[in-house]
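Rule-based calculations on the coordinates, nothing more; no lab input. Model, not experiment: these values are computed from the prediction. Reconstructed Cβ throughout: ideal geometry from the backbone, glycine too, with neighbour counts over all protein chains shown.
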Amino acid sequence: MTSDHNASEWSSALRAGLRVLVVSDSYPPDVGGAHQATFAIAEALTSAGCRVEVATSHQGADVRELRRELDPHVNDLRDISQLVALGRRPARRFVHTPPPIVDPPATVRLRQLISTFKPDIVHSYGWLSYSARAALSGTQTPLILSFRDYGQICAKRTLYYNGLPCSGPAWGKCTPCAAAFYGRLKGGVAVGGVLGLRGWLARRVDGVHYTSTYVQTMIEQYFFGGATPRDVPWEIFTSFPPEAAEHVEVEAPTTLPDEPFILFVGALRAVKGVPLLLRAYEQLDNPPPLVLMGAPARDTPLDLPPNVCVVGPVSRAAVVSSWKRAMFGVFPSVWPEPHGQVVHEAMAAGCAVIGTYPGGHADQITSGKTGLLVRAGDVDELRDAMRLLIDDPSMRVRLGSAAAETAQGRNTKDSVMPSLVRLYGRVLARDRNGTG
């Protein structure tokens, strides 16, 4: 079956003029996998003839104008933290997200949008879902939730506790954990919202999208209380890059070593395992250069070992070309990575990869066949896996070839959209049958 045939098949399955309100905590030009995934879905729905409006958190006038250049149907929502003194200091705000509460200004604006646009479906991701649920009160409009991280069960959105993957939320451990991350006041708001509102939100859900099997396991256990309700349709599908991705990502000059190098791509955050990676790298004897490619964060290490260079955020095309030059890719996330689109991009480029478990990497990498998986947070396992790939060129070639073959045709619009169309169809059929 050709790609054109696939595209025609899923496009024709969407009802002409279907009205979809897409709600997301953030949206391009913000850089981030979840934001890009939301944009890609909105873009694909529009190209298939659906009517799409997007509602997202306000990030300033300049960002708003850039968003409208990308998509004139983007509606910025101001949240309460932007309207009171607490929100006027950037360090005290939930960065790039609204607070995890039913937010009065956001709810009012969403209710206005729902009233005027009259969506057939509201498809929501993130903490704005609480306000979307409140705005839908008194309506029969179906609400679909996308779980692209752990924000509905973890106040930090990472399910990461005391240096290890968290065993699950609980008031007694979430409160001090969030306070250490955000501060006491904001941490208390986050925990109260996430743990206090999850049952209320879960009862209104009409359809569910999980980004990986691990995310499904955690959400079923700690959001739905054991399993996705049998009468609620759900699908597992990954993200895919927007067709307009080159116009929304940050461009930067790329200076790469002339010799073969190890490549990390992603936010330079502790939960992405950057400090762990540097510790493992320091323990290698005479290693090749290590390139860290991504945006700095507040916990980005400042002291780098010799032979490590940092390259700022670059276009997706530049990342893909970098994978083709790298010896192998390393993704040492210490949190349970929900999915990891960048892992797929490296594999599709024929690059051997090292990922971590538990988490979404295991959906993509079969250890020893299409890459290597190491235990999250284990510096010795990471060091040994890096040494293995450095010392064995034939293994790098074998894993890279198998990775490219496995990744072929996956995480593309035509491979992902049929799952979304199937989810929408089941939700709408359920709604028409009066079971919503």
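Among beta bridges from DSSP that stay inside the chain, the antiparallel ones total about 5%. Only helices enter this figure: runs of n ≥ 4 DSSP H residues, each worth -39500 (n - 2.57), summed and divided by the residues of the chain, yield -12500 deg cm²/dmol at 222 nm to the nearest 500. Projecting the Cα atoms of P100, L277, L388 onto the dipole axis of the chain, where Lys and Arg carry +1 and Asp and Glu carry -1 at the beta carbon, places P100 farthest toward the positive end. Averaging the Cα positions of each part gives two centres, and for the range 190-215 and the range 104-120 these lie 21 Å apart. Hydrodynamic estimate: the Kirkwood radius of the range 313-364 over Cα pairs, inserted into Stokes-Einstein at 4 °C and 1.567 mPa s, corresponds to D of 115 µm²/s. Projected onto its three principal axes, the C-alpha set of the range 279-369 covers 33, 30, 28 Å, listed from the longest axis down. Over the C-alpha trace of the chain, radius of gyration and Dmax come out as 21.4, 66 angstrom. The ellipsoid that matches the Cα gyration tensor of the range 101-152 has semi-axes, each √(5λ) in whole angstrom, of 18, 13, 8, with the longest given first.
In the range 146-274, the ratio of gyration radius to Kirkwood radius, Rg to Rh, stands at 1.05 when only Cα atoms are counted.
On a 0 to 90° scale, report how tilted helix 393-407 is relative to the longest principal axis of the chain, with both axes built from alpha carbons and the result rounded to the nearest 10. That helix lies at roughly 20 degrees to the long axis. Whats the longest run of the chain with zero trypsin sites (Lys or Arg not before Pro) that are DSSP loop and have at most 16 other Cβ atoms within 10 Å? Counting at most 16 other Cβ atoms within 10 Å as exposed, the longest clean stretch of the chain is 89-202.
Entry for the range 193-330 at q = 0.13, 0.17 Å⁻¹: log10 I(q)/I(0) = -0.77, -0.97, Debye formula applied to identical alpha-carbon scatterers, no solvent contribution. Simple rule: put +1 on each Lys or Arg Cβ and -1 on each Asp or Glu Cβ in the range 98-214, find the dipole, and look at G196, T175, I144; the Cα lying farthest toward the positive end is T175.
Against the compact-protein benchmark of 2.2 N^0.38 Å, the Cα-based radius of gyration of the range 357-412 scales to 1.18.
Coupling constants for the range 311-323 follow from the phi torsions by the Karplus curve (6.51 cos²θ - 1.76 cosθ + 1.60, θ = phi - 60°), and in residue order they are 10, x, x, 10, 5, 4, 4, 5, 5, 4, 5, 5, 4 Hz; glycine and proline get x. So what's the angle, to the nearest 10 degrees on a 0 to 90 scale, between helix 33-47 and the longest Cα principal axis of the chain? Helix 33-47 and the main axis of the chain meet at about 50 degrees. Magnitude of the charge dipole for the chain, about its Cα centre and with charges confined to Cβ atoms of Lys, Arg (+1) and Asp, Glu (-1), is about 1660 debye. The alpha carbon radius of gyration of the range 163-206, expressed as a multiple of 2.2 N^0.38 Å, is 1.27.
Separation of the alpha carbons by more than 30 angstrom is noted, of K324/K413; K118/K186; K173/K369, for K118/K186; K173/K369.
The orientation-averaged shadow of the Cα convex hull for the range 121-221, equal to a quarter of the hull surface, comes to 6.4 nm². Quick one: angle between helix 3-13 and the longest Cα principal axis of the chain, in degrees between 0 and 90, rounded to 10, please. Approximately 20 degrees, to the nearest ten.
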